[in-house]
Amino acid sequence: MSVTVEQLCGFLDRFAPRRLAEEWDNVGLLVGRRDRELSRVMTCLTVTPASAAEAVMRGAEAIVTHHPLPFRPLKRLTPDNLPGRLLLTLVESRIAVISPHTAFDSAAEGINQRLATGLGLASPRPLSPIEEDPEGLGAGRFGDLPAPISLAELGIAVGRLLGVGGLHRVGGASTSVRRVACACGSGGSFLAAARRQGCDVLVTGEATFHTCLEAESDGIGMLLPGHFASERFALEVLATEIHAEFPELEVWASARETDPLSWMETTSANGD
């Protein structure tokens, strides 16, 4: 049996229910026909020139992207700006675009849940619960480590989980932490929730300078591995989940997208 765009959307809606998406978000089927039959699907964190070219080259009929395209309303669809160029490329190649975005962040097996369990937190709970949600879900996660460890040790665990060799830290390396909050992406807005839940540290992709100052003032540590690293790993997992649901599909996570930010040594090898 063939798989249609509509069936793929239905699976994603069950896996990451749209009721979990933030009000400002743009989730679901964003480009394409629901009755289009699929044989190849690519997941990615963001539709970029590199990931779009990969989808075209490998003959994908649909892209499941974490970050929506388009995200904000467009008044015209022309090649005069990057969203327009990307959308025209995908439309001309008959590639559908689907985004679960913040619904995937908050899902029962979503990104924040996987961050929390990957760090060994016991019985993770939502940082910001959705009132009367039938599954007791919500945004972010927090939970306790089996025993207190240092902030530096937790940073090593984050780096190992996400495959990064460095991260930014707010707080002393030897600071003892046990209750940990997780919020993927740009999660500085979860600092207040982490404070309310009595968390010792917030693990998030990135945060503003002033949010870091606020955390320091409140005595809450922060570990910032980068927006890309905090979310990209889950798109590889999502590709596996889609293939498990639809074995007849070829599904892969983009091999071409990369983090636009990288660490640069600012001293020479001899220390000059």
Within a 10 angstrom radius of the beta carbon, how do Val5, Val41 rank from fewest other beta carbons to most? Val5, Val41
Loop-located chymotrypsin sites (Phe, Trp or Tyr not before Pro) in region 208-272, at most 16 other Cβ atoms within 10 Å (DSSP): Trp263
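I need Met222, Met42, Met57 ordered by Cβ neighbour count within 10 Å, fewest first.
Met57, Met222, Met42
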Among 160-171, 141-152, how do they line up from the highest to the lowest mean number of other beta-carbon atoms within 10 Å? 141-152, 160-171
Give the range of the longest stretch in the chain that excludes all GluC sites (Glu not before Pro) found in loop regions by DSSP and having at most 14 other beta-carbon atoms within 10 Å. 136-247
Return P(r) of region 205-250 (all Cα-Cα pairs; 10 Å bins starting at 0; whole %; ordered from short to long distances). 24, 29, 21, 16, 10, 1
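In what order do Thr102, Thr46, Thr267 fall by count of nearby beta-carbon atoms within 10 Å, going from fewest to most?
By the 10 Å Cβ count, ascending: Thr267, Thr46, Thr102.
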Springs between alpha-carbon pairs under 10 angstrom, Gaussian network model over the chain: which of Leu154, Leu20, Leu82 fluctuates most? Leu82
Please report the antiparallel percentage of the DSSP beta bridges confined to the chain, to the nearest 5. 50 percent
Alpha carbon centre of region 58-74 versus region 151-198: separation in Å? 30 Å
Quick one: Kirkwood hydrodynamic radius for region 108-228, alpha-carbon pairs, angstrom, one decimal? 13.9 Å
Given points 7 Å out from each Cα along the Cα-Cβ axis, report the Phe209 to Ser174 separation in nanometres with one decimal. 3.0 nm
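Against the empirical 2.2 N^0.38 Å scaling, what ratio does the C-alpha Rg of region 3-101 come to?
Dividing the Cα Rg of region 3-101 by 2.2 N^0.38 Å gives 1.01.
Tell me the mean residue ellipticity at 222 nm calculated for the chain from its helices only (DSSP H runs of n ≥ 4, each -39500 (n - 2.57), averaged over every residue, nearest 500). List each step's numbers first, then the result.
Values: 9 runs with 92 residues, N = 272.
Calculated at 222 nm, the ellipticity per residue is -10000 deg cm²/dmol.
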Would you mind pulling out the separation of the Cα centroids of region 113-145 and region 208-243, in Å? 15 Å
At 7 Å along the Cα-to-beta-carbon direction for both Arg196 and Trp263, put a label point, then send me their distance in nm to one decimal. 3.5 nm
Using the Cα centre of region 108-228 as origin and beta-carbon charges of +1 (Lys, Arg) and -1 (Asp, Glu), tell me which of Leu223, Leu151, Ser128 is placed farthest towards the positive end of the dipole. Leu151
Between Val164 and Ser217, what length comes free when the chain is fully extended (0.36 nm per residue of separation minus the Cα-Cα distance, one decimal in nm)? 16.4 nm
Output the antiparallel fraction of DSSP beta bridges having both residues in region 3-101, as a percent to the nearest 5. 40 percent
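Read-outs: derived from the displayed coordinates by stated rules, not from any lab. The structure presented is a predicted model; accordingly, all values stated were derived computationally and were not measured. Note that each Cβ is placed from the backbone with ideal geometry, even for glycine, and that neighbours are counted across all protein chains shown.
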